[in-house]
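The values are calculated or read from the model by the stated rules, or taken from the named source; none is laboratory data. Only a predicted model underlies this, so the values are computations on that prediction, with no experimental measurement involved. Quick reminder, even Gly has a Cβ in these numbers, built from the backbone with ideal geometry, and neighbours come from all protein chains shown.
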Amino acid sequence: MKKIGILNSEISRVVSELGHMDTIVIADAGLPIPPHVKRIDLVLKQGVPSFIETVETVLQEMCVQNAYVAQEMGSSSAAKKEELIAVLPNVQIKVITHEELKALTHQAKAVIRTGEFTPYANVVLEAGVIF
């Protein structure tokens, strides 16, 4: 049994296979997921697991160079955006439209669906390199 880090086998595998500039999405329960993109569905019930809890867990193993959020997050879910900024202190956060964010999901290696019910609580994480 794995001792530390991400214990979810699908997330662990996806993160370990990421190359520079590959992306994954951590999404609220309502974000549409393209049928050709790997769906890792974690939602158990409303709020479980949370968006921020899932981001924090993925960041334990993933090197992130850029993050993309929808501009609507700032107006509809400002507190959630502030929490996200706090857990990504050394990452450039790029603000795009929600439609642009949904378009980015089509190139993602996976979308991790959380139990988050906060509107626009979605982030596209772009892999960096550790050297």
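Some points to look at:
- Across segment 27-63, the qualifying residues are those that are in a loop (DSSP other than H, G, I, E, B) and among the small types (G, A, S), and the one among them that is farthest from M73 (Cα to Cα) is G47.
- Every pair of residues 6+ apart whose Cβ atoms lie under 8 Å, when the first sits in segment 65-93 and is under 28 Å from H20 (Cβ atoms) and part of a helix (DSSP H, G or I) while the second is among the polar types (S, T, N, Q) and at pLDDT below 95: none
- For A103: the one exception among (1) among the aliphatic types (A, V, I, L, M); (2) more than 18 Å from G30 (Cβ to Cβ); (3) surrounded by fewer than 14 Cβ atoms within 10 Å (Cβ to Cβ); (4) without any contact (Cβ under 8 Å) to a residue 40 or more places away in the chain: (2)
- Residues of segment 106-127 satisfying the condition of being assigned to a loop (DSSP other than H, G, I, E, B) and surrounded by fewer than 16 Cβ atoms within 10 Å (Cβ to Cβ): F117
- Sole residue being in contact with a Leu (Cβ under 8 Å, 6 or more places away or on another chain), more than 15 Å from A27 (Cα to Cα) and either surrounded by fewer than 16 Cβ atoms within 10 Å (Cβ to Cβ) or charged (D, E, K, R) (or both), chosen from V87, V64: V87
- Restricting attention to segment 13-50, the residues that are under 21 Å from G128 (Cα atoms) and either crowded, with 19+ Cβ neighbours inside 10 Å or charged (D, E, K, R) (or both) total 12.
- Per the conditions (1) exposed (fewer than 12 other Cβ atoms within 10 Å of the Cβ); (2) under 15 Å from L104 (Cβ atoms), the sole criterion not satisfied by K2 is (2).
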